[in-house]
Structures are given as structure tokens and as C-alpha cells.
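To start, the structure itself, in C-alpha cells.
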Amino acid sequence: MSLVSPDLTERSHTALADATLQTALKRATDTFIERRREAVAGVPDWEALRARARQIKEHTINHLDYYLEQLVEQVTALGGHVHWARTGEDVSRYIIELARARGVTSVVKSKSMATEEIELNHALEAAGIRPVETDLGEYIIQLAHEKPSHIIVPAIHKTREQIADLFAEKLKVGRAREVEEITAIARARLRHEFLSAGMGITGANFAVAETGTIVLVENEGNIRLSTQVPPIHVAVVGIEKVIPRFADLSVFLRLLPRSGTGQKQTAYVSFLNGPRQQTEIAHDSNSPNEFEFHLVLMDNGRTRILADEQLRESLYCIRCGACLNVCPVYQKIGGQAYGWIYPGPIGAVISPQLQGLKQAGELPFASSLCGACRDACPVAINLPDMLLALRAKAKETEGAHAGRRKLGESMAMRVYAATAQRPKLFVAVGAMVRRISRLLAKGGKITSAHVSPLDEWTRYRDLPVPTGRSFRAWWQEHKGDE
């Protein structure tokens with residue numbers, strides 16, 4: 001499915017009309033919700049864990065400069081190199097220059113939302129360096145030339161049959177019938193890539209300031225190969241991923257897998273401290289004499305979020321994807337309809353801040369504000385309140401046409417307020433509105449209205465017609481019943 005329209009409404013309608021996508025989304029989100037429910041039920045102190053995680057993140061973000069400096073000091077002491085990158089272009093430039101200096105022509109990448117955010121693959125390809133995604137979901141997305149549809153499961157929108165067709169077309173192999181065959185094909189193709197790549201690129205789930213440890217969680221083992229086989233490991237890490245102490249990991253490693261995939265723990269958890277040592281490698285004359293670790297700390301708009309006290313809380317996110325799974329909007333339109341790599345409620349909060357309201361100002365309105373996202377979030381981020389705050393900001397920055405519409409809505413509310421303060425006028429107007437609405441109705445509903453702001457409502461839904469008597473009339477008849 002290709003969602004190329006710049007308009008969120010059009011992208012959403014395209015997604016809603018895709019029966020295959022609807023089936024894939026329902027199956028996947030239902031599974032994640034049920035698994036999470038079972039995993040959380042087994043943790044008696046779940047709410048206490050959430051409160052502790054939120055406390056840690058709040059403290060860290062409020063003292064981010066201190067912990068980043070501590071992280072840099074520890075990574076450097078361990079023999080690593082640290083680069084501060086203000087923008088995504090700075091990240092790409094640093095990695096490309098490093099690759100050229102070391103003669104690297106191909107890199108293997110583990111799943112990383114940070115590198116997706118800055119479109120690192122495109123920059124590498126333009127520089128003549130071949131990137132290969134090694135996470136199965138990201139590998140599928142790379143072959144399909146698409147953006148991820150989910151933070152945790154990037155190919156959630158594709159069925160097994162679609163993936164089998166994609167592999168047959170792109171990899172020139174026989175059509176796989178089972179999931180095991182699909183994974184075997186990918187494993188065989190990727191094994192050579194691990195062995196021949198000159199650099200491995202990852203993100204990080206957490207970066208521990210106290211010890212300089214980069215923590216990566218996964219279920220496939222591709223991250224370990226990406227970090228341990230090539231002679232150079234580069235970790236691209238958003239500055240908000242830092243946590244103060246190694247002991248804090250016990251909180252997050254109980255929350256993240258249960259919230260993200262419904263597991264008690266992921267299959268692999270890697271703790272990386274600086275570059276690999278020669279003693280860790282089997283004695284082999286072909287092994288390099290020196291291994292390198294480079295930590296790229298990426299801002300790319302995060303300090304701008306940090307400066308906003310109302311929206312700073314969005315930096316607490318640990319990228320588990322739980323808010324996506326429970327969101328009724330995401331469940332119907334999927335991730336690609338959001339137009340960028342961060343979908344769902346957290347995407348509707350983060351994307352306008354990183355991309356700007358002009359480009360992503362529609363996203364905060366793609367929410368029912370039901371609060372399911374806040375309840376599911378392992379660090380209790382108040383997403384509904386931030387969505388409302390961004391809606392207000394989006395309205396303030398709208399153009400002249402939107403300004404006229406806003407003026408019309410404002411005038412309508414003033415007229416309503418003036419009418420509501422005059423009981424007799426309110427009753428008379430209410431009776432008149434009921435009569436007019438019944439004249440305009442078809443089958444008990446107004447399906448189209450040409451008067452603002454009702455036209456905004458009836459453009460996408462029917463407006464029910466008032467039936468029966470008014471509440472005032474009912475009250476007058478029944479107020480003495482008690």
C-alpha cells in the first residue's frame with residue numbers, strides 16, 4: 001500500500017479502504033493487547049514500577065546536562081569516541097566521514113528509530129555506502145522501500161502472504177509458505193552481510209550515565225552480530241535515552257518488554273561498555289588489531305522540546321509502542337497514515353515538535369482523547385493533555401483560511417453564550433433549531449450541512465436530529481415526581 005498523499009485525511013481514508021491492512025492491524029494489535037494484559041497481571045507492583053520509572057525519567061530530563069556529561073566522561077574513559085550532533089545532517093556527516101576514513105563500503109544496521117528519524121540510509125546510499133537492515137521487520141521495510149508502521153514491529157501492516165511475495169520478487173527466491181521459511185531466507189541472506197560489513201550501526205534503548213553502558217534489547221540476535229562482528233560499532237542515541245544509574249535498569253527492563261511485546265523479558269539484552277577488546281575475539285590472523293566504538297549523541301530538536309515545560313514530558317518515552325496498540329485511531333489507520341516514522345499517540349505528540357506544526361500539525365487531531373494511551377504507557381505520560389496543548393498551538397499557527405474559520409466558530413460560540421444567558425430566548429431558539437433540523441434530515445440524520453461549524457462535523461459523520469421533547473419540557477413535567 002502506498003500512502004503518498006500529504007493530507008492526513010486522505011491517507012486515513014486510503015488505509016480504511018484497505019481490507020488487507022485492516023485484517024493485519026486487528027490481528028496484530030489484538031495479540032499485543034492480550035499478551036500485555038497477561039504479562040502485566042503477573043507483576044503485583046506494576047503501578048509502583050510505573051511511578052518509579054516516571055520519577056527516574058522526570059529527574060533525568062530535568063538534569064539532562066549533568067547526566068549527559070557523566071555519560072560522555074564514562075564512555076571516553078572506556079576508550080570510546082563521543083560526537084555531539086545537533087541535527088540529523090550532523091549525524092549522517094559524521095558517520096559518512098568515519099566510514100570513508102576507514103574504507104568502509106557497507107554497513108549493517110540494527111533496528112533504530114533514531115536513524116529512521118534522520119533517514120540515515122538515504123544519506124549513506126547517496127555517499128556510495130550500502131546500508132543493510134538486519135532486523136527482520138526493518139529488512140522487509142527496506143526491501144519494500146517503505147517507512148515503518150510501528151515502533152516495535154515495523155512491518156506490522158504486512159501479512160505473511162505479502163512478505164512472501166516481496167521476498168520472491170526482490171530476492172529472486174521461491175515463494176515461502178511458512179513464517180519459518182521467510183526467516184530462513186532472511187537469515188541466509190544476512191549472514192554474509194554481517195561477515196563482510198566494515199561497520200555496525202545501532203541505536204540504544206538506554207544509555208547509563210554512571211557506567212557509560214549502552215543497553216540494547218532484542219529478540220532476534222541481529223544486534224549482537226551488528227555490534228560484535230564488524231570492527232567499528234556506531235551507536236546513534238537520542239539525548240533523552242540516558243538514565244542515571246545501572247540499578248535503574250531493573251525498573252525499565254521489567255516495564256519495556258511487558259509493555260512492548262508482552263514478554264517477561266526479551267531474548268537478548270546486551271550491555272556494551274566501550275569498544276570490544278582483542279581478548280574477546282578468537283585468535284585469528286584476519287581479526288583486526290583494534291576495534292572502535294563511537295557514540296553519537298543526537299539532539300535533532302530534543303532540546304527544543306526540553307525547553308517547553310508543557311511538552312517536556314514527551315521525552316520520557318521509552319519507545320515501547322504500547323500506546324499505539326490500544327489507540328482506536330491507530331488500530332484503524334495503521335502507522336503509515338501518520339506520514340512519518342513515529343505513529344500513534346506518541347507520534348502525534350513527538351512529530352509536530354520535531355517536524356514542526358506546519359508539516360505535522362494535523363496529527364494531534366488524530367485522537368479520540370479516550371485516555372487509553374496514558375493508561376497503557378509504562379511511564380504514565382499524559383498524552384491526552386499534550387495532544388490538547390498541541391491542538392491549541394496548531395490552531396494559533398493556522399493560515400488565513402483557518403483564521404476565518406476560527407473567527408466563524410468564535411462568533412458562533414458568542415451567539416450561543418448570549419442566547420444561553422436568556423432562558424426564554426434559549427427555549428425559543430431551541431424549538432426553532434429542532435424544527436429546522438427535522439426539515440433538513442434524511443432518515444433521522446443530517447448528512448450534510450453548509451453552515452459553519454456544522455459543515456466540519458457533517459463532512460465526515462452524520463449529525464443526529466433531536467427527537468422528542470426538550471429536556472426543559474421533560475423536567476417541567478417530572479420535577480415533582482420525587
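The values are calculated or read from the model by the stated rules, or taken from the named source; none is laboratory data. Keep in mind the model is a prediction, meaning the values are calculated, not measured. Note that each Cβ is placed from the backbone with ideal geometry, even for glycine, and that neighbours are counted across all protein chains shown.
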- Of those in region 111-153 that are among the acidic types (Asp, Glu) and in a helix (DSSP H, G or I), the residue surrounded by the fewest Cβ atoms within 10 Å (Cβ to Cβ) is Glu125
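Would you be able to tell me the number of residues in region 315-333 that are assigned to a helix (DSSP H, G or I) and crowded, with 24+ Cβ neighbours inside 10 Å? Explain how you work it out, then say what you get.
So the first thing to find is which residues in region 315-333 are assigned to a helix (DSSP H, G or I), and the list is 315-316, 322-326, 328-333.
This time we only want the ones that are crowded, with 24+ Cβ neighbours inside 10 Å, so: 322-325, 330, 333.
Of the residues in that region, 6 qualify.
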- Query: In region 364-435, which helices (runs of 4 or more DSSP H) lie fully inside it and hold 1 or more residues that are at negative phi and modelled with pLDDT under 85?
  - Reply: 383-396, 400-420
- Could you identify the single residue in Thr87, Thr29, Thr23 that is within 30 Å of Asp308 (Cβ to Cβ) and either outside the structural domain of Val236 (by TED's automatic domain parsing) or among the hydroxyl-bearing types (Ser, Thr, Tyr) (or both)? Thr87
- Message: What pairs come out if I take residues in region 240-254 that are in the same structural domain as Gly212 (by TED's automatic domain parsing) and within 13 Å of Val43 (Cβ to Cβ) and pair them with residues that are of a type outside the set (A, V, I, L, M) and surrounded by fewer than 22 Cβ atoms within 10 Å (Cβ to Cβ) whose C-beta lies under 8 Å away, six or more apart or interchain?
- Response: Val251/Arg52; Leu253/Gln265
- Item | Cβ pairs under 7 Å, 6+ apart, first in region 414-442 and closer than 17 Å to Asp462 by Cβ, second among the aliphatic types (A, V, I, L, M) and surrounded by 11 or more Cβ atoms within 10 Å (Cβ to Cβ) | Ser437/Ile446; Ser437/Val465; Arg438/Val465; Leu440/Ile446; Ala441/Val465
- Residues that are closer than 11 Å to Val296 by Cα and crowded, with 16+ Cβ neighbours inside 10 Å, drawn from region 82-96: Val82, His83, Ala85, Gly88, Asp90, Val91, Ser92, Tyr94, Ile95
- Query: Is there any pair with a first residue in region 42-69 that is part of a helix (DSSP H, G or I) and a second that is small (Gly, Ala, Ser) whose Cβ atoms are under 7 Å apart and which are 6 or more apart or on different chains, and what are they?
  - Reply: Arg50/Ala380; Arg54/Ala380; Tyr67/Ala209
- Check whether at least one residue in region 266-277 is without any contact (Cβ under 8 Å) to a residue 24 or more places away in the chain, under 20 Å from Val72 (Cα atoms) and over 22 Å from the mean Cα position of the chain (by Cα), and report yes or no. yes
- Query: Residues of region 196-215 being assigned to a strand (DSSP E or B) and either surrounded by 24 or more Cβ atoms within 10 Å (Cβ to Cβ) or not assigned by TED's automatic domain parsing to the domain that holds Thr115 (or both), which ones?
  - Reply: Met199, Gly200, Ile201, Thr202, Ala207, Val208, Ile214
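Would you be able to tell me the number of residues in region 319-336 that are over 10 Å from the mean Cα position of the chain (by Cα), aliphatic (A, V, I, L, M) and farther than 19 Å from Leu390 by Cα? Before the answer, list the steps.
Taking region 319-336 first, the residues over 10 Å from the mean Cα position of the chain (by Cα) are 325-334, 336.
Then keep just the ones that are aliphatic (A, V, I, L, M); that gives 326, 329, 333.
Cutting the leftovers down to farther than 19 Å from Leu390 by Cα gives us 326, 333.
Counting residues in region 319-336 that are over 10 Å from the mean Cα position of the chain (by Cα), aliphatic (A, V, I, L, M) and farther than 19 Å from Leu390 by Cα gives 2.
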- Give the residues of region 410-446 that are over 21 Å from Gly468 (Cβ atoms) and surrounded by 14 or more Cβ atoms within 10 Å (Cβ to Cβ), sorted by residue number. Ala412, Thr419
- Note on the structure: Subset of region 308-352, residues in contact (Cβ under 8 Å) with a residue 24 or more places away in the chain and of a type in the set (Asp, Glu), comes to Asp308, Glu313
- Task: Write out, first by first residue and then by second, each pair whose Cβ atoms fall under 8 Å of each other, whose residues are 6+ apart or on separate chains, and whose first residue, in region 14-36, is at negative phi while the second is of a type in the set (S, T, N, Q) and surrounded by fewer than 16 Cβ atoms within 10 Å (Cβ to Cβ).
- Result: Thr14/Ser5; Thr20/Thr159; Thr23/Thr159; Ala24/Thr159
- Filter result (out of contact with any strand residue (DSSP E or B) (no Cβ under 9 Å at 6 or more places or on another chain) and either surrounded by 16 or more Cβ atoms within 10 Å (Cβ to Cβ) or free of Cβ contacts under 8 Å to residues at least 60 places away in the same chain (or both)) within region 99-110: Arg100, Ala101
